[in-house]
């Protein structure tokens, strides 16, 4: 009977470790940089995420040179994905200041597992209000589940399996 309890304990511990590992492992990310209108942009976006999680896409805009007052580069950026909610939605206007980089983040929430295609757009806004599309970057995001479990469910089930393994290990010692 002790052998059976130990075997079930090892099975529960293994299952718990696998589920926790998958549920806690950081999402892979891709960062690309480019220069537009007197500014250097660094955009970081996840390339895969677990269903139910909400990772961050991040944009940092650095001035290449100290702009004259009133002549700071102005940019409008937009991030879109099909099947993924981007928060906040729509376009964001950024002015590249003299002292610190401009930073902006988006939360990505997938509605279903599979592949999601998207794009990252950057427009330069000129003093007269006109705009020019300076960058369009295509994006591909893989939304994953593990045995049909989303990220939160896998972490919760993994914790439960580790707890069961601990209980069985204690029972096997008696």
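Things worth noting here:
- Which numbered condition residue 152 misses (of (1) more than 25 Å from residue 29 (Cβ to Cβ); (2) modelled with pLDDT under 90; (3) out of contact with any strand residue (DSSP E or B) (no Cβ under 6 Å at 6 or more places or on another chain)): (1)
- Near pairs, Cβ below 7 angstrom, 6+ apart or cross-chain, from the stretch 123-134 (free of Cβ contacts under 8 Å to residues at least 12 places away in the same chain and at negative phi) to any residue that is surrounded by 10 or more Cβ atoms within 10 Å (Cβ to Cβ) and assigned to a strand (DSSP E or B): 132/123; 132/124
- Residue count for the stretch 1-29, restricted to those that are modelled with pLDDT under 85 and either under 30 Å from residue 43 (Cβ atoms) or surrounded by 14 or more Cβ atoms within 10 Å (Cβ to Cβ) (or both): 2
- Of 89, 101, all but one fail to be within 24 Å of residue 46 (Cβ to Cβ) and at pLDDT 90 or above; the exception is 89.
- All of (1) at pLDDT 90 or above; (2) out of contact with any helix residue (DSSP H, G or I) (no Cβ under 6 Å at 6 or more places or on another chain); (3) closer than 16 Å to residue 51 by Cβ hold for residue 147 with one exception: (1).
- Considering only residues in the stretch 109-129 that are at pLDDT below 90, more than 16 Å from the chain's Cα centre (by Cα) and surrounded by fewer than 18 Cβ atoms within 10 Å (Cβ to Cβ), the one that is nearest to residue 15 (Cα to Cα) turns out to be 125.
- Residue check: residue 158 meets all listed conditions (1) part of a helix (DSSP H, G or I); (2) out of contact with any strand residue (DSSP E or B) (no Cβ under 9 Å at 6 or more places or on another chain); (3) at pLDDT below 90 but one, namely (3).
- Count of residues meeting criterion [touching a strand residue (DSSP E or B) at 6+ places or on another chain (Cβ under 6 Å), farther than 30 Å from residue 162 by Cα, in a strand (DSSP E or B) and touching a residue at least 12 places away in the same chain (Cβ under 8 Å)] in the stretch 33-62: 15
- Scanning the stretch 22-32 for residues that are out of contact with any helix residue (DSSP H, G or I) (no Cβ under 8 Å at 6 or more places or on another chain) and either farther than 30 Å from residue 59 by Cα or outside any strand (DSSP E or B) (or both) turns up 25, 26, 27, 28.
The values are calculated or read from the model by the stated rules, or taken from the named source; none is laboratory data. Keep in mind the model is a prediction, meaning the values are calculated, not measured. Using ideal geometry, Cβ is built from the backbone for each residue, glycine included, and neighbour counts are taken over all protein chains shown.
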